[in-house]
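To keep things clear, I will list the structure first and then write my remarks on it.
Quick note: the coordinates plus some simple rules give every number you see, no bench work behind them. These numbers come from a predicted model, not from an experiment. Here Cβ is always computed from backbone atoms with ideal geometry, including for glycine, and neighbour counts include all displayed protein chains.
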Amino acid sequence: MTATGSMEWNGQLGKHFQHRLSGIGQYSLSRSRPSYMHYRGLGYAQKFVRGYELYVIDGLDFVLGKYQLSYNLLQTKVSLGQLIPVEQFRSMPLQLFLSLFIETGYVNDPYTKDVNSLANTWLRGGGFGFDILLYHNFLFQLNLNTNNRGEWGFFIHNKTSFSSNE
């Protein structure tokens with residue numbers, strides 16, 4: 001059994017800038033060794049430090065913090081005309097942001113810490129990218145990021161307001 005808590009704060013900085021701070025943490029109420037299926041940390045679904053997308057870090061507990069500063073480059077509506085049969089979707093709101101981000105996370109792994117060198121250490125990642133927001137609900141992120149191991153990568157992410165965080 002675990003206890004999970006999360007928070008998110010969004011703010012506007014002037015006309016074109018916005019920033020976001022979010023965090024999530026999980027604490028295992030049972031300190032005995034769980035089955036592998038219940039031994040999850042970071043690296044699943046949307047729970048990862050950018051820069052560590054290719055890694056899974058399992059453990060009993062974890063904490064994840066994220067900060068993003070975005071500049072709105074473009075805000076318009078694209079007319080799709082008769083291509084879309086539903087009238088409400090014929091005009092597509094489109095926003096393009098340039099974003100800078102920094103993230104950190106930690107996974108507590110008291111049982112298999114010798115197997116994964118990323119457990120029981122602070123993970124840090126950061127970078128920049130472009131966020132494309134369609135219909136106010138569909139987010140596509142094109143990110144160039146790095147981590148505190150010195151690894152660089154280009155990653156494409158997508159999110160919707162309809163999807164689960166699991």
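From least to most packed, judged by other beta carbons within 10 angstrom and beginning with the fewest, Asp114, Asp131 follow the order Asp114, Asp131.
Evaluated with a Cβ-only charge set (Lys, Arg +1; Asp, Glu -1), region 1-126 carries a dipole of roughly 220 debye about its Cα centre, given to the nearest 20. Loop sites here are trypsin sites (Lys or Arg not before Pro) outside DSSP states H, G, I, E and B with no more than 15 other Cβ atoms within 10 Å. The longest part of the chain free of them is 32-89. The magnitude of the dipole of region 67-134, with charges of +1 and -1 set on the Cβ of Lys/Arg and Asp/Glu and taken from the Cα centre, is near 200 debye. Under 28 Å of direct C-alpha separation, and excluding same-chain neighbours fewer than eight residues apart, Lys159 reaches these lysines: Lys15, Lys47, Lys66, Lys77. Couplings 3J(HN,Hα) of region 145-158, computed from phi: 9, 9, 10, 6, 8, x, 8, 10, x, 10, 10, 10, 10, 9 Hz, in residue order, whole Hz [Karplus 6.51 cos²θ - 1.76 cosθ + 1.60, θ = phi - 60°; x for Gly and Pro]. Note that region 35-41 has calculated 3J(HN,Hα) couplings of 5, 4, 4, 9, 9, 10, x Hz, one per residue in order, obtained from phi through the Karplus relation 6.51 cos²θ - 1.76 cosθ + 1.60 (θ = phi - 60°); glycine and proline are x. The length gained by stretching the chain between Lys77 and Arg149 to full extension, at 0.36 nm per residue less their Cα-Cα distance, is 21.8 nm. Subtracting the Cα-Cα distance of Gln46 and Leu142 from 0.36 nm times their residue separation leaves 33.1 nm of extension gain. Remark: Val86, Val56 ranked as Val86, Val56, counting other beta-carbon atoms within 10 Å and listing the fewest first.
Straight-line cross-link reach from Lys113 at under 14 Å between alpha-carbon atoms covers these aspartates and glutamates, not counting any fewer than eight positions away in the same chain: Asp58, Asp61. Which of [x] 10, 33, 30, 18, 8, 2, 0; [y] 8, 25, 22, 21, 15, 8, 1; [z] 9, 32, 37, 19, 3, 0 is the computed P(r) over Cα pairs in 10 Å bins from 0, in percent for the structure on display? For P(r) over Cα pairs in 10 Å bins from 0, in percent, the calculated option is [x].
In a fully extended conformation the segment linking Ser35 and Gln12 would gain 3.9 nm over its present Cα-Cα distance, using 0.36 nm per residue. Reducing region 1-58 and region 87-166 to their Cα centroids gives an inter-centroid distance of 11 Å.
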